[in-house]
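This report concerns only the one structure given below.
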Amino acid sequence: MPRGSTRVPDPLDRATRAGRPDDDGTALEDFVELKLGHHTKDGIEVVDVEGEIDVYTAPRLRELLIDLVNKNNYNLVVNMERVEFLDSTGLGVLVGGLKRVRAYDGSLDLVCTQERILKIFRITGLTKVFGIHDTVDEAIAARKSEK
């Protein structure tokens, strides 16, 4: 950096904004970013996702999906009922997870009823690639009926 110049922080950079009050007085960490959990139901691993799946948080979801496949879980249901935002990085993680399980003749189905998220899948043509269901039980029943 030239002498006498200063770096102007990018107001959209999360690392720069972390811990600093926003205009409304809330700090960045007050916002839900991404919560992940998983459990087995009827022999199928269910991944519960809550919050935002974006360029910052998607790597955590990717790591979880890879870990589950590495532990021989090839039939997955990703419950996205509590997902508030999904960007192209998040879509890429889901497509990557699908490719990974299909390499083992597995499946990755989604649970989603939120119109704003479903619209993303329709626009990208991914409704033809993923099984998208209204409930976890419906996704599991659909998967079991195909076997």
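Read-outs throughout are calculated quantities, based only on the coordinates presented, and are distinct from any laboratory measurement. This structure is a prediction, so every number in the text was calculated from the model and none was measured. A quick note on method: Cβ atoms are made from the backbone with ideal geometry, for glycine too, and the neighbour counts reach across all protein chains shown.
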(Q) Test of understanding: ordering Asp48, Asp137, Asp109 by Cβ neighbours within 10 Å, fewest first, what list do you get? (A) Asp137, Asp48, Asp109
Q: Just need the relative contact order of region 33-146 here, percent rounded to a whole number, with Cα pairs under 8 Å and 6+ apart.
A: 24 percent
(Q) Starting from 0.36 nm per residue, how many nanometres of slack lie between Ala141 and Thr127 once their C-alpha separation is accounted for? (A) 3.2 nm
Q) Among His39, His133, which comes first, then next, by fewest other beta-carbon atoms within 10 Å? A) His39, His133
Q) Under 22 Å Cα-Cα from Lys128, which lysines qualify once same-chain neighbours fewer than 8 residues away are excluded? A) Lys99, Lys119, Lys144, Lys147
Q) Modelled label-to-label distance, Ser88 and Asp42, 7 Å Cα→beta-carbon offset: nm? A) 3.7 nm
